[in-house]
Amino acid sequence: MINARIACAALGVPPCAVSDNQLSWHVQEEGVSRQMRRLGDIVIACLLLAITSPLMLVVALAIKLEGGGPFLDRQNCIGCSGRRFQALKFRTTAYDPKLATTAWAQKTTQVGEFLRYTRIEDLPQLINVLRGEMSIIDRDARSVSFLD
């Protein structure tokens, strides 16, 4: 059980305002809501993956036919509690393994323009949701370059 005096001091609340029972109930309630959110993420991600998997296959083939190379891009992101992970996206730029430019400096392909316009490029992030790196209900991932 969490000591109410220590927790309240950290939150800036007078220790006499909250009892140990109230604080432990709040901590238990927060844990349940986190578990419910995670369960909701898994159910929604599985349903969306099942529904969109034929579309994702067509998109992957279109990217491969247009320019070769990998059909997925990985973007370094920071999630909850500062954890770093790689968010998956469909590749929307021209692939050139010799060219080491940043993503914003690369030329967008025709398929990539369509993917960006329709936001289909983000569908592979459902895999990140299943891994527990992102959340559908509370999307908390931020790009590393945005935060640096």
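Under the 0.36 nm per residue contour assumption, what length would be gained going from the current alpha-carbon distance of ASN76 and ARG119 to full extension?
Details: separation 43, 0.36 × 43 = 15.48 nm, distance 1.87 nm.
Gain in length upon complete extension: 13.6 nm.
So what are the ³J(HN,Hα) numbers for the range 53-68, from phi and the Karplus equation (6.51, -1.76, 1.60; θ = phi - 60°), rounded to whole Hz, Gly and Pro as x?
Result, ordered by residue: 4, x, 5, 5, 5, 5, 5, 4, 5, 4, 5, 4, 5, 6, x, x Hz.
Sort 82-95, 61-74 for me by packing, meaning the mean count of neighbouring Cβ atoms within 10 Å per residue, highest on top.
Values: 82-95: 16.8, 61-74: 15.1.
Taking the mean over residues of other Cβ atoms within 10 Å, the ranking is 82-95, 61-74.
Taking a point 7 angstrom from the Cα of SER53 along the C-beta vector, which residues in the range 106-122 have backbone N less than 19 Å away?
The answer is 122.
Throughout, read-outs are computed from the coordinates displayed, never taken from laboratory work. Keep in mind that this is a model prediction, so the values were computed, not measured. Note: ideal-geometry Cβ built from the backbone for every residue, glycine included; neighbour counts use all protein chains shown.
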